[in-house]
Every structure is written in C-alpha cells, then in structure tokens.
Amino acid sequence: MKRLLLFSALLPAVLCAQNPIIRDMYAADPTARVFGGKVYLFPSHDIVQPSPLPQGMRENWFCMEDYHVYSSENLTEWTDHGVILTQKDVPWGKPDGYSMWAPDCVERGGKYYFYFPDVVKEGMGFGIGVAVADKPEGPYTVVKSNIKGISGIDPCVLQASDGNAYIFWGAGRCARLKENMTELADDTPTEKVRWGDREFEMSGYNCLKDLPNRQAEGPFAFEHNGNYYLTYPYVRRNTEVLGYAMSKNPTGPYEYKGLIMAEHADSCWTNHHSIINYKGQWYLFYHHNDFSPDDDKRRSPRIERLYFNPDGTIREVHPTMRGVGINDAVSVINVDRYNTASQDVTTGFVDTADRFRGWYAGLGRKGSYIIYKDVDFKNVKPNAYAIANVRANKNTKFTVREKSAKGKVIAEFTVTVVTEGQFRRDYSGQWLAVTAPLKYVPNGVTDLCITADADAVDIDNIEFKNRIEYFQPAAATPSTPDSDGFIRRWTVAEPIYLDINTNILFTDSYLDKTLGDPQVQSLLKTVPADRQKSKYGSQTLVWHKIESNFYNVKLFRFTEHYGKKIYGVIFPAVTVIECDDEIRDVRLMAGSNSASKWYLDGDEILTMSGDRRMVRDDCASKSVTLKKGTNVLSGLVINGPGMSDFCVRFIDNDGHPVKNFKIK
Ligand code: FUB
C-alpha cells in the first residue's frame, strides 16, 4: 500500500504566524510572561458593548468582562486556555462593571499571582485585586478584597534582584509588596496629591516624577543587566506613545530615555505593552485596533522583536503586520500581512461583515510586489503543490519567487476567470482557490516575493501542500465525470462521529431514523464552501472540496488525512451537476461501504441498507431526470467498524454511463 502523506497528523497546525496574534476575538493590553519555558499571554478581553448599555456605562468605551490566558512555545501557535476570571467572580468588584482592564501575572514560590483592575462595588474608581493559582492556566482563586492602598488601573509586578516584588500601577505609582504578594509592605509611604481642586492620598512612590507623563498609564517594569526599566504609554501629542525611563532602583528616581514605539499611524488612541526575553531574543507585545479600524476600544495584540543598544538604552520599535513568527510553508500564509510591498499594494477585509476572517492584499498594478519574510520549507516535499486564494478581473498569472522579484520561481499560478466556448464561465471578481505544482522547493527558511502580471489582483493566502495520493483539492473550474461516468468531485464533510460498533443494524428503519434525523439532513441543505464549518451537536465538521484520484471516493483515507475518526461515522457529501440540457430517464448507480442514502435536489432517490461492501453499480435508483441547469446530488454514507468509501455514476436506459454534464 502506498504511503499517504498525512501532513495534518504529523505536523502541528499553525494557528497564526502574523500580527495580530489573536484572531478570533478582540484582546488588548497584552502582558506576556515566560513560565516554564513557555510564553503565557494575559491580555484583557475587549468585547462589543452590550445593548442596551448597562446603567452607568459610557458609550463607545472600553468593555471587558473576563480574562483568557494563552500560551505558545514558538510565538506563532497560540493556545487559548479559556476564561480564567470573570467580573462576577470578584467579590469586591461591580458584577456588571465591564472594567476588567489590563492585568499582569507573576510566579513566586510556585504560585501564580494574577493582578487585575476592576471597578469597586463600594466607593468610586478602580481597585486592583489578586487571584492565585498553582498553574498559569489556573484555576484561579480570587483574594476576597482588593489591595488596600491602591486606587488605579494597569497593575504590573516587578520581581527585582533585591529579592522583593514591587507593584506598579497606572497612576504612576509603585510600592513594595509583602511576601504574601497580596498587600502593600507596611512601610509603604503615602503622599497627598492634588488633581484639579481635589486632594487625594496616594500610596507608594511617584515613579513618573519629572518624566513626560501626560495621561500616563499601563506601566511595565523590568530589570536587565543591572538596570531597572520603567516603560509606559503616555500622550506625547494627541495619542499614546510607548516611552521608557531607567533607574538603578526599582522605585526610582527614573530618568527618561525616549520612545519604544511612536503613536500608531492610524486611529488607535491607546497602546499598552509588555516586554520579555524568550530564548535569548527580546520581544515587545503591544496592541492595535487591527480588526476594528473604526472603533479603537476593540483591539488586538501584536508582537515585534526588540533590541537594546550597548549602553542599555532601547531601540525604537516600528509596528509591522508581519509580526515575528516563522511561518511553516505547509500552514496558511496570510500574505496580506506582508513585511514590505510596492506602493500600490493595499489591504482590505475579506469580509467586512466578519472582520475576523482577516485580510487580502490587493496588487494594484502589473509589477506590484509583496515581500513576505520567514517561511520555512523544511516540511515541503518535492512533489508538493501550492494553493492560493485569489481574485482577479481578467485572466492572469501570478508568481511566487524566492526572496525578490528576480528570485527563483517557486510556483506560478494561472488564474482563469473567464473561459470561452460552449461552457463559458465568468468568475471575474470571485475568490478562487487556484493550485500550481512547485517548480522549486527552497531549502529551509526563506522569504517569498509575490507578483502578478495584471492590474487589480487580490490575494488572500497561499499554502504549500504535500500531495496526497487519494485526493486533491478540487480546482476552481468545473470538471466532468470520468471516462466511466463516475463522479469524482465532491464536497465532503469531516464525518459525524457516532458510537456505532456493528453494521448489522443498518436496516431501512434504522437508516430512516439516523440519516433522516433533521440535524443530519440540515447538513445537506446547502452546498458548502471549501473549509466551511458545520455543527452537529458539539462536533464541528469541516467541509473539503476534493477530487478523488480513483473512481471510488475513499472516505477512510479522507478522514485519516484530516486526523478524524475512521470508524463509527456518517459522511455527508454533496456535488453540483450542471446540465446544458435536460437528461431524462437516468438512474443513479451507487456502491457504498457501508450503508448509504442518496438525494437529488433534496429528494431521496436511493437507500442502500445493510452491511455492504463497495461494489460498482451495486444498486440502481428509480428513474430520474437531471434538469437543465443546476442539480444537487448529495449522499450520506454510514459505517461502523469498516473502511468507508463510495462510487456513484448515472446510467441511461441503455446501460451507458451518462457523461454529458459538468461538475461544479
Ligand atoms: O484596556 C483598557 C485600558 O486601555 C488599559 O487599562 C489602558 O492601559 C489602555 O490600554
């Protein structure tokens, strides 16, 4: 038996290698920490404001009700460990305050201390609380009261080499913590501070004294090479920059040194950051309103590399879309997050109604280019192919080269949007998945240069796939039945898993009940897009548009390829048949392992019950008509402990295969 290249089972799926690093929800104020050789990210969680607004909530304002924690070992794959704390868990906070702003987390003595701000239930303003866990992922237990003496936001805890822990918070103050990490040290000084005509008593030290500090918040303090760094956002002109100051003492006095990051070029008023050293490289985590350009209170975390000068000062960091990850070539490469591009390259949301679907890059003119850095080809086999999602207004070719527009050609995609002749089709302006064989496989990590030979070509992403021997992704252009009339192009869902351990129960009535179940039937109601997801109870089924390399569609290879269950399964499959003229008096001839049901435009035309083996033309449907235009043929194949597959074709009254139609 030939070896199936199971890339999904052998290689981890890279969830994200570009900025922003969290792509399924808004998240801000990214505090990164290194625990046990992994990076943990503790952001705040921006949400859309509830409607109607809870009493007292300011309109168009920050809105946060809980915290998630994420972890990563390579800064490209991020695991969401879920919610660790919600506003309802905080005994001293307002349960509907929606003010769980920037947090921090540190480890001391084997315990993890999570510091977070929240609006106090009694009195005014923000308090800072602590939740404690044995692991960074939690579960966290909230300390009953907030830290006495602190009124403010944005906690950050510095564990200094003098053995003490110091807490910094948004009011530009800092103070030593007791060894219990939940109270300020007894010798914490207090000071009377005037704001306008009001006087407040503030605990701790004014560590921003004499520094640029207009609207300063979000302090992040750390120690490196005998220097303490106090880094913080403040308003230099109209919006926030990230600045920093240095001192030989954790509590100051600090001396201002300059900018870490200038104002965001576009409309995000805030910035908030953290700095870590991970595996010898320094990184800056910060935020931007990537997914929400018209509302800067819904933000997303990003990462860049950060460098020190020999005298300990920090080099200014420039925000990028590309971020820091190395992109595995066999994972999706969102080329719209390029490093550099020619002037006429733009980006836009793929779906403005669902911005979390990400961006595309528009190559404005023939000769436009995109450079996307750091793609690792180590997992790409010589027989791999490239697949790209593109959109064009006329037939075009776009090329992926190594490094630059003069580099070696890796793949060349021919994008045919308009076909002429009898089956004229016009796919202008539509997103198409186009494939191309690889002309050259680079060695290890390299940069990609993408160009097009026409104006106005859009590219969403590129992926390099090792060839699978049983299927290939369906091309964008229609296909035909094979020389024997078998239909090889299908949109197949990763199977529903049911605990079936025998096939002898596949009686007609069992099939009517199980396959006729409205939830199962609802899967066949539409023709899904490639990689579209459907739900069956708590199971998520991903649809794949495939072309079988054999007359029989080897469903067990399909499910094996995607790392899903092989036994005890129901496979939904759909295909679209396009007829130029009506075709009367034909029968669907099917074979399946094991039982199956087949439908034409939603009407059940064939049931194959019992514990069956896949046999060519095993059963015939009643006589049916394929109407002129679009016909949707769908099927459900069910199997217990067996190797699922099926074959399907239409036969005319004379027993000849029907082949005069297209399969979309
Ligand atoms: O996320 C809410 C607030 O915005 C943070 O606490 C500030 O630092 C700013 O980023």
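The values are calculated or read from the model by the stated rules, or taken from the named source; none is laboratory data. These figures come from a predicted structure and were not determined experimentally. Backbone-built Cβ (ideal geometry, glycine too); neighbour counts: all protein chains shown. All accessible areas refer to the heavy atoms of the entire protein, side chains included, with ligands and DNA or RNA removed. Shrake-Rupley method; radii C 1.70, N 1.55, O 1.52, S 1.80 Å.
If you scan region 211-252, which residues turn out to be assigned to a strand (DSSP E or B), among the acidic types (Asp, Glu) and under 17 Å from THR31 (Cα atoms)? Even if it seems obvious, please write down each step before you answer.
Within region 211-252, the subset assigned to a strand (DSSP E or B) is 220-224, 227-235, 240-247.
Keeping just the survivors that are among the acidic types (Asp, Glu) gives 223, 240.
Selection gives GLU223 alone.
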Exercise. Which residues, taken from region 256-270, are without any contact (Cβ under 8 Å) to a residue 40 or more places away in the chain and in contact with a strand residue (DSSP E or B) (Cβ under 6 Å, 6 or more places away or on another chain)?
Worked result: GLU263, CYS268
Seminar exercise, completed: Going through region 446-473 in order, the residues found to be among the hydrophobic types (A, V, I, L, M, F, W, C) and open to solvent by less than 30 Å² (accessible area, probe 1.4 Å) are LEU448, CYS449, ILE450, ALA452, ALA454, VAL457, ILE459, ILE462, PHE464, ILE468, PHE471
Problem set entry | Answer from ILE566, ILE500, ILE504 - the residue that is modelled with pLDDT under 95 and in contact with a Gly (Cβ under 7 Å, 6 or more places away or on another chain) | ILE500
Seminar exercise, completed: Listed by first then second residue, the pairs whose first member lies in region 591-604 and is assigned to a loop (DSSP other than H, G, I, E, B), whose partner is open to solvent by 60 Å² or more (accessible area, probe 1.4 Å), with beta carbons under 7 Å and at least 6 positions apart or on separate chains, are SER594/ASP611
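Among what's in region 352-390 and is closer than 20 Å to ASP530 by Cα and of a type in the set (A, V, I, L, M), pick the residue that is most open to solvent (accessible area, probe 1.4 Å).
The qualifying residue most open to solvent (accessible area, probe 1.4 Å) is ALA353.
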Problem set entry | So LYS564, is it over 28 Å from the mean Cα position of the chain (by Cα), of a type in the set (D, E, K, R) and more than 21 Å from THR630 (Cβ to Cβ) | no
For this session: Would you tally the residues in region 517-531 being open to solvent by 20 Å² or more (accessible area, probe 1.4 Å), touching a residue at least 24 places away in the same chain (Cβ under 8 Å) and closer than 17 Å to GLY568 by Cα?
Result: 0
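Would you call ILE260 open to solvent by less than 10 Å² (accessible area, probe 1.4 Å), aliphatic (A, V, I, L, M) and not assigned by TED's automatic domain parsing to the domain that holds ALA32?
Numbers: open to solvent by less than 10 Å² (accessible area, probe 1.4 Å): yes; aliphatic (A, V, I, L, M): yes; not assigned by TED's automatic domain parsing to the domain that holds ALA32: no.
So ILE260 does not fit the description; no.
Considering only region 396-411, state which residues are of a type outside the set (Val, Ile, Thr) and under 15 Å from LEU363 (Cβ atoms).
At the first step, the residues of region 396-411 found to be of a type outside the set (Val, Ile, Thr) are 397-398, 401-408, 411.
The answer is LYS397, PHE398, ARG401, ALA405.
Within region 235-250, identify whether any single residue is in contact with a strand residue (DSSP E or B) (Cβ under 8 Å, 6 or more places away or on another chain), open to solvent by 30 Å² or more (accessible area, probe 1.4 Å), in contact (Cβ under 8 Å) with a residue 12 or more places away in the chain and among the acidic types (Asp, Glu), and answer yes or no.
As a first pass, look at region 235-250 and keep what is in contact with a strand residue (DSSP E or B) (Cβ under 8 Å, 6 or more places away or on another chain): 235-236, 240-250.
Still in the running and open to solvent by 30 Å² or more (accessible area, probe 1.4 Å): 236, 248-249.
Now narrow it down to the ones that are in contact (Cβ under 8 Å) with a residue 12 or more places away in the chain: 236, 248-249.
Now narrow it down to the ones that are among the acidic types (Asp, Glu): none.
No; the residues of region 235-250 include none that is in contact with a strand residue (DSSP E or B) (Cβ under 8 Å, 6 or more places away or on another chain), open to solvent by 30 Å² or more (accessible area, probe 1.4 Å), in contact (Cβ under 8 Å) with a residue 12 or more places away in the chain and among the acidic types (Asp, Glu).
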Exercise. How many residues are more than 25 Å from LYS564 (Cα to Cα) and not polar (S, T, N, Q) if we restrict to region 616-646?
Worked result: 12
For this session: Name, by its number, the condition in (1) open to solvent by 20 Å² or more (accessible area, probe 1.4 Å); (2) within 22 Å of LYS664 (Cβ to Cβ); (3) of a type in the set (Val, Ile, Thr) that does not hold for VAL441.
Result: (2)
Exercise. Of all residues in region 404-418 being part of a loop (DSSP other than H, G, I, E, B) and modelled with pLDDT of 95 or more, which is nearest to ALA392 (Cα to Cα)?
Worked result: ALA405
Exercise. Are any of the residues in region 532-544 free of Cβ contacts under 8 Å to residues at least 60 places away in the same chain, under 30 Å from THR477 (Cα atoms) and of a type in the set (Lys, Arg)?
Worked result: yes
For this session: Inspect all residues belonging to region 3-24 and state whether any of them is within 14 Å of the ligand (Cβ to nearest atom), at pLDDT below 95 and surrounded by fewer than 13 Cβ atoms within 10 Å (Cβ to Cβ).
Result: no
Seminar exercise, completed: Selection from region 215-234 of residues open to solvent by 10 Å² or more (accessible area, probe 1.4 Å) and within 14 Å of the ligand (Cβ to nearest atom) yields GLN215, ALA216, GLU217, PRO219, TYR234
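Do the conditions hold for LYS373, that is, is it assigned to a loop (DSSP other than H, G, I, E, B) and either farther than 30 Å from TYR232 by Cβ or aromatic (Phe, Trp, Tyr) (or both)?
So LYS373 does not fit the description; no.
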For this session: Count, please, the residues in region 620-661 that happen to be in a loop (DSSP other than H, G, I, E, B), at pLDDT 95 or above and of a type in the set (A, V, I, L, M).
Result: 1
